[in-house]
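Reviewing the structure listed below.
The values are calculated or read from the model by the stated rules, or taken from the named source; none is laboratory data. Because the structure is a prediction, the values reported are computed rather than measured. Note: ideal-geometry Cβ built from the backbone for every residue, glycine included; neighbour counts use all protein chains shown. These accessible areas exclude ligands, DNA and RNA; they are computed on the full protein's heavy atoms, side chains included. Shrake-Rupley method; radii C 1.70, N 1.55, O 1.52, S 1.80 Å.
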Amino acid sequence: MPCLLVLLVLAFPRVILVLMAIFSNYLDRAYHGLLIPLLGFFFLPLTTIVYAWLLNSHQPLAGFNLLILIVAVIIDAGGLGGGEWHRRRRW
């Protein structure tokens, strides 16, 4: 079951963020406001979810947990620039 949850988060991070905002206070406990989760929804949705998970589980942002956060940033950043790379490659 946890693997299925991870696959859903990776496949649909924006949908998961909306569901988390509507049905729980998970994001409120991590961010204490609306601005950063809203910006995270548009720019870095997976990073927003991972950071909220790390803060809500009271784990330190060091070592392996920091590596997980960096991987989330890389996955999000790869989704932002991938379309441009493919567009330039065709010409």
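At-a-glance table
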item: Sulfur and carbon atoms: percent of accessible area, the chain [1.4 Å]; result: 75 percent
item: Equivalent ellipsoid semi-axes - Cα gyration tensor, the chain, angstrom; result: 25, 16, 13
item: Rel. contact order, % - alpha carbon contacts under 8 angstrom, at least six apart, the chain; result: 24 percent
item: Per DSSP, loop chymotrypsin sites (Phe, Trp or Tyr not before Pro) in the stretch 7-82 with at most 16 further Cβ within 10 Å; result: PHE43
item: Spin-label model distance (nm) - MET1 vs ILE74, 7 Å beyond Cα toward Cβ; result: 3.1 nm
item: Rough spin-label spacing in nm, given labels placed 7 Å along Cα→Cβ, for LEU34 and ARG88; result: 3.8 nm
